[in-house]
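One structure is given below, encoded as structure tokens.
The values are calculated or read from the model by the stated rules, or taken from the named source; none is laboratory data. These figures come from a predicted structure and were not determined experimentally. Here Cβ is always computed from backbone atoms with ideal geometry, including for glycine, and neighbour counts include all displayed protein chains. In case anyone asks, the SASA skips ligands and DNA or RNA and just uses the protein heavy atoms, side chains included. Shrake-Rupley method; radii C 1.70, N 1.55, O 1.52, S 1.80 Å.
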Amino acid sequence: MRATKENKETILELPKVDWLDRESNPKRFFKDLSYALSEYGFMVLTNAPGLSDEFQQRAFREVRSFFNSSMDLKKTAHISNTPYFRGYSLPTPADRGHGQVIEAFQYGFEQEPLCDYDDKTQPIHSRLFRGPNTWPDNKSLPGFRPLINDLNERYHLLTHKLGEAIVESLGENVKAFRKYFDFDNPDLAASLNHNFSLDVFAEKDKANVQKEYKKFSSDRVGAHIDGPPFIALLINDRPGLQVVAAEGGWIDAPVTCRTADGTYDVPVIPGSVIVNTGGTLMHLSEGRYSATLHRVNTTLIPEGETRVSMPYFLLPKMEGDLVPFGKSEADSVGAGGYESGRDRGANASVNRMGTFPQVTRRWWSEEYAELRKQQSQEVEAETQAALKLAKERGERFKNKLD
């Protein structure tokens, strides 16, 4: 970031944290980590272990080969084939009014279901989050499944290493992280996203899409915070991601892997990973690290191209209250719009149901109708808490320029 007091001119970018400093200069590492997550809620982790530029290049080749396959092949892994929200989802309609056209592939660890999906004696998260992946035809895409399993393992290891470092940066014992995140028994939501540029919209709709993205706040372009995750990790190969800055504008996030020729309008930082905090960390840290509003801006994707991103969300265990670090069980309200006693498993489950209605209609329609109202209220509470903390960050930022 560069700021000048004389004219209040600012040039903002997401702060960088170098993983190599973890060993060579831990004082700088923890200072940079704390600054990034307290003042932005986002950062660029450089020299990310396990996610080198060489690996990312291979990952994007395989993932693009899947998305570039025929629709018939992609549908062999359609997400509605099972109740576990794993597999391929078709592009969203361009005329839906949300400013994005996106197809995706959801995956997780290959797991046996904990119970039958319709066993209502079990909590809904036990029925929904654990299960097998849904893969495309292996003969046509022999490298895809091995790559995704490899990516999953690399992401998972980094998430735990970084999660423990984040807890340490808060002055807490790393055992506090392990209390909620079991390395050998994880719940997660991971995705491969394929966003299309503005040119897939009809001419009559393009101006409206551009108009919505010019607004700071619009309910038509998918701006959101990540609720359940402790942190989210992401690698991407085209511009598009934007983050609410400390002073209230939008920052363009960098690209972590260049996979096309030409000039990008955002920085390219090979071998890096974009990290952001979620609602879980906002609560557990009592607002010291807050979740941050972000979006994918369709108008930033180069015309005629597409954007692939691979976000990874590690979820906390879903039983019991999330008690802020250093607090007792009796003091679990926190700063993230979180109320003790809430059914976090149901919240996370309904979020999946709302995101992928094609699965919900087939497998979960009754449960969704029952639970969606409560989940909507909780998301709104978390969002308002995040915006309140963002406003406080903005005031701190302005004071530094005065």
Quick check: from the Cα gyration tensor, does region 1-155 come out rounded (a/c under 1.5), prolate or oblate? prolate
Probe 1.4 Å, all protein chains in place: accessible area of Lys204 in Å², nearest 10? 150
Amide H within-cut-off set for Leu241, under 5 Å, with H built and near neighbours excluded: Ala253, Asn297
Long-range amide H partners of Val17 with built H, under 5 Å: Val44, Leu45, Thr46
On average, how much accessible surface per residue is there in the chain, in Å², for a 1.4 Å probe, leaving out ligands, DNA and RNA? 44
One would report the Cα pair-distance distribution of the chain, bin width 20 Å, in %, as 27, 62, 11, 0
Please work out the ratio of the alpha-carbon Rg of region 189-249 to 2.2 N^0.38 Å and round it to two decimals. 1.33
Would you mind telling me the share, in percent, of accessible area of the chain contributed by carbon and sulfur at probe 1.4 angstrom? 48
Sort region 67-218 into rounded, prolate or oblate with this rule: let a ≥ b ≥ c be the square roots of the eigenvalues of the Cα gyration tensor; rounded if a/c is under 1.5, and if a/c is not under 1.5, prolate when a/b is larger than b/c, oblate otherwise. oblate
Which value at 222 nm does the chain reach when only helices count, each DSSP H run of 4 or more adding -39,500 (n - 2.57), with the total divided by all residues and rounded to the nearest 500 deg cm²/dmol? -11000 deg cm²/dmol
Residue separation between Asn149 and Thr92 times 0.36 nm, minus their alpha-carbon distance, gives in nm 17.9 nm
Gained length - Lys204 relative to Lys391, 0.36 nm times residue gap less alpha-carbon distance: 63.7 nm
Taking R0 as 45 Å, what's the FRET efficiency between Asn47 and Asn81 from their Cβ-Cβ distance, rounded to 0.05? 0.70
Connecting C-alpha atoms closer than 10 Å in a GNM of the chain, tell me which of Glu153, Glu39, Glu23 has the biggest fluctuation. Glu23
Residue span Ser70 to Lys139: 0.36 nm per residue of separation minus Cα-Cα distance leaves a gain in nm of 23.4 nm
Shape call, region 78-124: gyration tensor on alpha carbons, a/c limit 1.5: prolate
Output the antiparallel fraction of DSSP beta bridges having both residues in the chain, as a percent to the nearest 5. 90
Amide H within-cut-off set for Leu188, under 5 Å, with H built and near neighbours excluded: Leu315
Could you derive backbone 3J(HN,Hα) for region 136-152 from the dihedral phi with the Karplus parameters 6.51, -1.76 and 1.60 (θ = phi - 60°), listing whole Hz in sequence and x where the residue is Gly or Pro? x, 3, 6, 5, 7, 9, x, x, 5, 4, x, 5, 5, 5, 5, 4, 4
Compare Asp199, Asp95, Asp184 in a GNM of the chain, Cα atoms joined below 10 Å, and give the one with the largest fluctuation. Asp184
In a Gaussian network model over the chain where Cα atoms closer than 10 Å are linked, find which of Arg295, Arg22, Arg344 has the largest mean-square fluctuation. Arg22
